[in-house]
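**Q** I am attaching a structure below and will ask some questions about it afterwards.
The values are calculated or read from the model by the stated rules, or taken from the named source; none is laboratory data. Not measured: the values here are computed from a predicted model. Ideal geometry is used to build each Cβ from the backbone, glycine not excepted, and the neighbour counts take in all protein chains shown.
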Amino acid sequence: MLRKLSPLALLLAACAGGEGAGGSAESAINGDSLMAAVRVLSSDEFEGRAPGTLGEEKTVAFLTERFKGLGLVPGNPDGSWVQNVGMVGITPTSETSVTVGGKTLTLRFPDDIVVATLRHLEQVEVPTSDIVFVGYGIEAPEYGWDDFKGTDVKGKTLIMLVNDPPLPDSTMFRGVAMTYYGRWTYKYEQASAKGAAAAIIVHETGPAGYPWEVVVGSRGRENIDIARENKNAGRVPIEGWIQLEKARELFKAAGEDFDALHKLAGTKEFKPVELKAKAHFRVRASLRQFSSRNVVAKLEGSDPALKDEYVIYSAHWDHLGRDTTRQGDQIFNGALDNASGTAGLLEIAKAFKTLNPAPKRSILFLAVTAEEKGLLGAKYYAENPLYPLNKTLADINMDGVNQWGKTSDITVIGLGNSTLDDVLREIATPLGRTLRPDPEPEKGYFYRSDHFEFAKKGVPALYTGDGIEYIGKPPGYGEEKRAEYLANDYHAPSDEIKPGWDFSGGVDDLRLLFQVGRRVADGATWPEWKAGAEFKAIREASLK
């Protein structure tokens with residue numbers, strides 16, 4: 001049974017207890033030390049922090065040393081600072097062709113198509129399979145939506161559209177905001193469940209939220225998955241992405257109008273369309289077995305009755321590593337994504353360590369691996385938690401820290417999902433700051449970072465982003481900087497520290513997140529999912 005507390009009582013409970021000798025605990029969070037850690041983690045010496053590389057070794061050593069230096073204790077109950085995550089690296093080379101009316105359409109990797117396999121095999125081949133366009137590939141009974149209409153797609157190649165259908169009705173798929181049905185991970189899961197031979201998603205920059213180069217950089221190189229005894233035998237053999245113009249060309253060769261079918265797919269009346277074409281795929285893979293690591297540090301709670309309950313702060317330490325096939329700069333330094341969030345994790349840990357006494361509940365600082373490969377480190381922790389998830393009150397996640405100065409607002413990805421938003425608002429409002437919903441909900445950012453793996457298990461999650469109302473900057477400055485980063489630096493070697501970076505706003509945001517976690521750790525009520533949140537029933541069942 002969850003205990004309720006008034007906002008005023010909650011505030012008083014959070015403020016009880018002393019601070020460190022240096023004044024308020026949150027003052028320990030500062031821009032200079034934040035920048036210093038970002039500079040180390042995003043340096044060429046760390047080689048882009050890819051899992052299973054020298055970059056991981058240096059990253060894990062750096063984080064462990066910093067957590068030790070702060071006076072925290074190892075977060076793994078076995079006495080270590082890490083949780084080992086068995087992984088398999090799969091580097092593909094592929095051949096893809098489509099036969100239409102006796103003619104062969106060759107699709108070049110990676111210019112036209114990126115295909116891979118996450119089966120742990122050195123070769124996967126689909127010699128010939130019928131191609132079926134299944135619209136958005138969604139089965140959502142709660143919305144009365146079914147793109148398959150009972151069609152048997154076993155052994156066939158599915159072509160799917162990215163994202164949810166763009167519907168004006170806000171009661172369908174949450175209107176403009178993406179649901180999990182729009183995520184590429186869901187679409188591959190659907191293809192696997194249906195027994196398909198291949199699942200190919202049509203890339204569109206707007207709905208996907210990133211350009212084709214991001215697909216190539218993330219999926220066209222080594223793919224990584226958690227090592228599993230069945231070698232992922234149940235996963236769809238071939239999964240990939242195809243360029244929009246190539247999809248149009250393929251459909252035209254098969255006698256179909258892609259744009260007309262695309263429009264039809266946005267209606268409940270859509271039915272799968274079997275193209276007069278067959279696909280051939282061959283993927284050869286170089287396999288690499290290795291162990292990666294989540295780095296885990298703990299601050300033990302001060303209340304003997306509550307210290308076996310936890311608040312987690314998470315950030316992913318990994319990025320995309322080095323691509324030796326590139327001309328020029330080969331290192332994906334990942335300064336913003338996510339050296340900044342990892343550095344923020346260290347700053348918040350430092351602030352908590354200054355508290356005397358410590359919070360009533362324990363705080364876990366979790367730097368996870370392989371987020372860029374599908375939230376794998378967070379997924380592994382959620383499937384193999386070091387501490388029970390039904391005693392974990394919240395996950396507060398950091399993936400990028402505001403680097404362009406102070407804002408009067410802060411973005412909450414998935415605003416309205418949980419009471420953690422209310423706690424954040426209570427803290428932010430007296431400081432003259434407002435909460436803003438995700439300005440691009442159609443891109444599904446809620447499903448694209450590590451907190452989502454906790455949410456899927458029912459743990460209330462808070463994930464914030466930069467505000468857009470920059471103090472002292474002209475209107476539109478925030479949107480301009482956001483667009484500039486996505487166009488030029490996201491998942492590119494150019495994600496490096498830039499002249500003019502100013503972490504003063506990032507510090508403000510981190511201080512807010514520190515206070516949220518502190519209030520939850522000391523409070524007499526647990527965070528909850530709000531009515532309508534897709535994770536509410538999971539949480540309630542786990543607490544019975």
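**Q** Please state which of the following conditions residue 286 fails to meet, knowing it meets all the rest: (1) within 17 Å of residue 88 (Cα to Cα); (2) in contact with a helix residue (DSSP H, G or I) (Cβ under 6 Å, 6 or more places away or on another chain); (3) of a type outside the set (A, V, I, L, M).
**A** (2)
**Q** Still on this structure, please answer the following. Of the conditions (1) out of contact with any Pro (no Cβ under 7 Å at 6 or more places or on another chain); (2) closer than 30 Å to residue 148 by Cβ; (3) crowded, with 20+ Cβ neighbours inside 10 Å; (4) not small (Gly, Ala, Ser), residue 283 fails just one. Which one is it?
**A** (1)
**Q** Does residue 99 meet the test of being modelled with pLDDT under 95 and more than 17 Å from residue 291 (Cβ to Cβ)?
**A** The answer is no for residue 99.
**Q** Right, another one. Is it the case that residue 538 is modelled with pLDDT of 95 or more, of a type in the set (A, V, I, L, M) and assigned to a loop (DSSP other than H, G, I, E, B)?
**A** For residue 538, the condition - modelled with pLDDT of 95 or more, of a type in the set (A, V, I, L, M) and assigned to a loop (DSSP other than H, G, I, E, B) - is not met.
**Q** Let me ask something else. Are any of the residues in region 517-530 in a loop (DSSP other than H, G, I, E, B), assigned by TED's automatic domain parsing to the domain that holds residue 35 and touching a Gly at 6+ places or on another chain (Cβ under 9 Å)?
**A** yes
**Q** Could you give every pair whose Cβ atoms fall below 7 Å, whose first residue belongs to region 504-529 and is within 29 Å of residue 36 (Cα to Cα), and whose second residue is surrounded by fewer than 22 Cβ atoms within 10 Å (Cβ to Cβ) and β-branched (Val, Ile, Thr), counting only separations of at least 6 or pairs across chains?
**A** Cβ pairs passing all conditions: 512/427; 515/427; 516/427.
**Q** Tell me the residue from 419, 464 that is among the hydroxyl-bearing types (Ser, Thr, Tyr), surrounded by fewer than 21 Cβ atoms within 10 Å (Cβ to Cβ) and outside the structural domain of residue 219 (by TED's automatic domain parsing), please.
**A** Criteria check complete, one pass: 419.
**Q** Let me ask you something else. Kindly indicate whether any position in region 177-191 is in a loop (DSSP other than H, G, I, E, B), surrounded by 23 or more Cβ atoms within 10 Å (Cβ to Cβ), assigned by TED's automatic domain parsing to the domain that holds residue 138 and modelled with pLDDT under 95.
**A** Looking for residues that are in a loop (DSSP other than H, G, I, E, B), surrounded by 23 or more Cβ atoms within 10 Å (Cβ to Cβ), assigned by TED's automatic domain parsing to the domain that holds residue 138 and modelled with pLDDT under 95, one finds at least one in region 177-191, hence yes.
**Q** Something else about it: Take region 456-482 and flag every residue that is part of a helix (DSSP H, G or I) and out of contact with any helix residue (DSSP H, G or I) (no Cβ under 8 Å at 6 or more places or on another chain).
**A** Scanning region 456-482 gives 477, 478, 479, 480, 481, 482.
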